[in-house]
Amino acid sequence: MRLLKILSISFLVVASIALAQEGEKQRELPRSGTLSATGMGGGEESVSLPGSWGFDPAEAFDTEKSPITGSVFRGDGQDWKVNVVNNSDDRYSANLEVIQYDASRRSIKRDSFGVTLSGHEKSQRTFRARTNAATAELKLSSWKNLSPKQAIEVSEDGDGAQAGK
């Protein structure tokens, strides 16, 4: 529960600072960061961030989500359930890691995995929890947009037209 409070307060402070700053908003997903973490009870409490830790906090109030989001929570028995969602129309590959912590917040187990998701696709994985695991974290290690970029051709009158894929 203490971890949730610390994360919430930190998030609000960073969001306030970002909103106060002027500048152009970037819609780029950071290369790595935390997507979700469970509370100190290890129960079904899970905090999912609107983007990976390190994203522009001003975007937390936008309706558009980061391309890759996810959650981790304790399922039935000793399993951690992990959901990964592609919120965009593009195809993405992502490397992720589930990190389990004991009650003293020491890392006790790490499971790495990769997913490739088409636009708006979801994936769920299950990981066996260590008997002394109190909390877990879903971390985005790296990602890549696999969708081909469309070239934009500019006609003589200045209008942009998209070329085929």
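The set of residues in the stretch 81-107 being among the aliphatic types (A, V, I, L, M) and crowded, with 17+ Cβ neighbours inside 10 Å consists of Val82, Val84, Val85, Ala94, Leu96, Val98, Ile99.
Leu117 passes every criterion in (1) touching a Ser or Thr at 6+ places or on another chain (Cβ under 7 Å); (2) at pLDDT 95 or above; (3) surrounded by fewer than 18 Cβ atoms within 10 Å (Cβ to Cβ); (4) not small (Gly, Ala, Ser) apart from (3).
Report yes if Ser155 is at pLDDT below 90 and either surrounded by 10 or more Cβ atoms within 10 Å (Cβ to Cβ) or farther than 16 Å from Asp76 by Cα (or both), otherwise no. So Ser155 fits the description; yes.
Please determine whether any residue of the stretch 66-75 is under 30 Å from Pro148 (Cβ atoms), in a loop (DSSP other than H, G, I, E, B) and at pLDDT below 90.
From the stretch 66-75, those under 30 Å from Pro148 (Cβ atoms) are 66-71; that's our starting set.
Imposing the further condition that a residue be in a loop (DSSP other than H, G, I, E, B) reduces the set to 66-67.
Filter again for at pLDDT below 90, leaving 66-67.
Yes; the residues of the stretch 66-75 include at least one that is under 30 Å from Pro148 (Cβ atoms), in a loop (DSSP other than H, G, I, E, B) and at pLDDT below 90.
The values are calculated or read from the model by the stated rules, or taken from the named source; none is laboratory data. All values derive from a computational prediction rather than experimental measurement. FYI the Cβ positions are ideal-geometry reconstructions off the backbone, even for glycines, and counts take in every protein chain you see.
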